[in-house]
Amino acid sequence: MNANRLRTHTEPTVLFVDMNSFFASCEQQDNHWLRGRPVAVCVYTGRQGCVIAPSIEAKGRGVKTGMRLDEAMQLCPDLVPVETHPSRYRDYHVKLINVLKRFADEVLPKSIDEAIVDLTRYQLAYPSMTDVARRIKQAIRTDVGDYLRCSIGIAPNAFLAKLASTLQKPDGLTIISPANIDDVLAKLTLTDLPGIAHGMSARLEAGGINTPLELRYASPDRLKLVCKSIVGWHWHLRLNFGGEVDMATQAYKQMQAIRSVSGAQRQSVETLHTILRTLCLTLERRMVRQQLFCQRLQGWVRYWNGKRYEDELTVSIPMQDGIDLYTTLCSRMDNYQQAHRCTPLLNADVRQIGVGVTDFMPADMVQYDLFEDNTRKDKFRQTLYAINDRFGPNTLVRATQIRPETPVKELIGFGSIKDLHDITDWEAV
């Protein structure tokens with residue numbers, strides 16, 4: 001979907017639907033005993049586990065995303081830790097999108113718990129956007145889950161609609177229009193605006209722009225100079241109703257797969273290798289389905305003592321095979337250990353393992369050298385995932401994936417969900 005447009009539009013016809021405490025609410029939806037209780041969704045529920053999604057009740061008690069579980073329990077002793085159920089969240093996400101598509105064709109999922117509904121072409125059908133928003137809320141409660149709540153922002157463009165959705169939580173409904181935008185911005189700081197973190201805020205302040213109102217009224221030329229890119233012009237368009245620049249589905253620039261490691265997993269080197277191999281196969285799956293090969297590979301390990309191992313390399317022949325990615329990373333780890341005479345990099349102090357791929361090339365443009373033709377391997381991967389897409393995940397697996405140890409827990413994040421809609425309803429991203 002690409003509904004970006006460069007024309008003035010001042011009517012609030014874009015809705016941003018933000019599900020409140022989505023993962024925790026899904027758990028409470030399926031387990032009535034959890035309703036009304038402070039809940040913390042965690043990858044692992046050991047004392048050093050990390051809270052990835054507190055419920056509305058837990059947030060009211062001061063529990064925040066990213067807290068260590070033992071710290072959260074000290075703050076909220078009756079907190080209920082719950083392990084993640086990715087398939088459950090995906091199922092609810094798909095139900096949510098299906099409900100939104102009953103109101104308009106122009107629905108753009110932005111993450112597992114957010115979506116844009118563009119009603120700009122539906123103004124005759126929907127004279128009141130607030131009425132539509134209330135109907136969407138009711139439809140979600142009726143057809144997705146009666147314990148699920150959302151905040152909806154309404155504005156002339158997607159950015160302002162997202163901003164509006166953050167202003168009243170939970171279960172909010174807020175409109176930003178030319179009539180009230182200055183009043184809204186006057187109450188905010190730069191980092192309250194979606195997309196402005198401390199680095200961008202510092203850059204703007206160094207250019208003499210200290211508040212959202214000053215950002216709104218700065219000239220496009222000044223903003224381009226301060227931001228040192230076309231991003232400055234985009235900020236002018238967003239805050240002055242000059243066009244839509246956030247309604248396009250972005251192509252992949254980078255893919256990452258990251259896992260936090262539990263205390264039990266750290267005790268087994270074989271399990272740590274299984275995690276690394278699983279991450280590489282996750283990236284393989286995404287590249288196969290997007291028909292991409294990577295030309296740059298990254299790997300990193302974080303440790304509990306604060307240290308970090310990082311590696312990055314450019315490959316001469318584009319890669320897609322997950323086992324090849326895994327073998328390459330392991331070989332470079334071995335070389336590092338020998339060169340520096342250090343202990344194994346995958347050890348009992350590991351806190352997190354990550355793999356990333358970038359610099360993509362379309363599959364039909366990959367050329368192998370004279371003595372290495374991997375077309376049969378490429379065809380095998382395509383066939384493997386085609387069968388799994390049709391008959392369900394893990395219908396076929398490689399022999400290298402069959403291990404006696406405890407399987408690695410599947411995770412799901414809040415980020416891109418392109419694969420979820422481009423490929424199949426159950427696909428993880």
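Read the figures in this text as sums done on the coordinates, not as results from a lab. This is a predicted model, so every value here is computed, not measured. Glycine also receives a Cβ, built like all others from the backbone with ideal geometry; neighbour counts cover every protein chain displayed.
Along the charge dipole of the stretch 107-239, Cβ charges K/R +1 and D/E -1, which of I152, Y122, L225 sits furthest on the positive end?
After comparing all options, I get L225.
Using DSSP to call loops (not H, G, I, E or B), can you name the trypsin sites (Lys or Arg not before Pro) in the stretch 180-230 whose Cβ has at most 16 other Cβ atoms within 10 angstrom?
Working: sites: K187, R203, R216, R222, K224, K228; in loops: K187, K228.
When the trypsin sites (Lys or Arg not before Pro) of the stretch 180-230 are filtered for loop state and at most 16 Cβ neighbours within 10 Å, K187, K228 remain.
Can you list which of the trypsin sites (Lys or Arg not before Pro) found in the stretch 1-92 are DSSP loop residues with at most 13 other C-beta atoms within 10 Å? Mind showing how you got there, number by number?
Numbers: sites: R5, R7, R35, R47, K59, R61, K64, R68, R88, R90; in loops: R7, R35, R47, R61, K64.
For trypsin sites (Lys or Arg not before Pro) across the stretch 1-92 that sit outside H, G, I, E and B with at most 13 neighbouring Cβ atoms in 10 Å, the list reads R7, R47, K64.
So for M129, M365, fewest C-beta neighbours within 10 Å to most, what's the order?
Numbers: M129 22, M365 8.
Neighbour counts put them in this order, fewest first: M365, M129.
Please report C330, C294, C342 as a ranked list, fewest other C-beta atoms within 10 angstrom at the top and most at the bottom. Can you show the working numbers first?
Working: C330 17, C294 24, C342 11.
Lowest count first: C342, C330, C294.
What is the order of W235, W33, fewest Cβ neighbours within 10 Å to most? Mind showing how you got there, number by number?
On the way: W235 26, W33 8.
In increasing order of surrounding Cβ atoms, one gets W33, W235.
Placing +1 on the Cβ of each Lys and Arg and -1 on the Cβ of each Asp and Glu in the stretch 105-264, which of I258, F241, V132 has its Cα farthest towards the positive end of the resulting dipole?
Toward the positive end, the furthest listed residue is I258.
Run the quick spin-label model on K307 and R88: label points 7 Å from Cα toward the beta carbon, then report their separation in nm to one decimal.
3.9
Using a/c under 1.5 as the rounded threshold, could you call the stretch 22-88 rounded, prolate or oblate? The axes a ≥ b ≥ c are square roots of the C-alpha gyration tensor eigenvalues, and prolate needs a/b larger than b/c, oblate otherwise.
On the way: a/c = 1.81, a/b = 1.25, b/c = 1.44.
Since a/c reaches 1.5 but b/c is at least a/b, the shape of the stretch 22-88 is classed as oblate.
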